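Laboratory data are not the source of any read-out in this text; all were calculated from the coordinates shown. This one's a predicted model, so the numbers in the text were calculated from it and none came from an experiment. Neighbour counts run over all protein chains shown; Cβ positions are idealised from the backbone, glycine included.
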Amino acid sequence: MDALGLFLKNSFRDKDPGSLSEIVEAIEAEGHYGNPITIFSIQINHKHDTLSFAKFVHNNMTSEDIETLRSEMPDRLDDDQVFHLRFDKQEAYMGRVKIVSSSDAITAKVKIETYPKNREMAGKIVEELFG
């Protein structure tokens with residue numbers, strides 16, 4: 001929860017989330033070997049909060065991570081214009097933003113809206129936000 005908090009406390013412009021447990025959904029699951037797993041989930045819906053999230057991520061990534069996102073942008077932007085990001089949980093816990101490819105990560109999915117739907121325009125928006 002603390003690692004996720006790094007992103008959340010820097011994503012809400014109009015309000016301080018205070019207790020993350022009030023805004024984050026916790027889902028209890030079971031791992032392959034019966035180990036308990038807690039999945040934390042939140043959806044940020046307001047445009048200004050989403051922009052705050054993107055600005056925070058961009059301002060706190062290393063230049064290497066920015067280059068990685070630029071080079072992988074076509075693969076990270078799916079056909080529904082959702083941009084996929086994964087952040088290292090341990091680094092986030094330490095207060096740092098680090099892109100990873102591991103499945104054991106904090107995942108973010110950013111829906112890019114264009115009217116009409118246009119993947120090329122969505123790619124340009126992603127570059128403005130994150131690169």
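Go ahead and estimate [θ] at 222 nm for the chain from helices alone: -39,500 (n - 2.57) per DSSP H run with n ≥ 4, summed, over the residue count, rounded to 500. It would help to have the intermediate numbers written out before the result.
Details: 5 runs with 52 residues, N = 131.
One gets -12000 deg cm²/dmol as the mean residue ellipticity at 222 nm.
Within region 2-130, how many lysine pairs that are 8 or more places apart, or on different chains, have C-alpha atoms less than 16 Å apart?
Step by step, the pairs that qualify in region 2-130 add up to 15.
Per residue, what volume in Å³ does the convex hull of the Cα atoms of the chain enclose?
Values: hull volume 16.0 nm³, N = 131.
In the chain, the Cα hull volume divided by residue count equals 122 Å³.
Mind checking the dipole of region 2-130: about its Cα centre, +1 per Lys or Arg Cβ, -1 per Asp or Glu Cβ, Debye to the nearest 20?
The calculated dipole for region 2-130 is roughly 360 debye.
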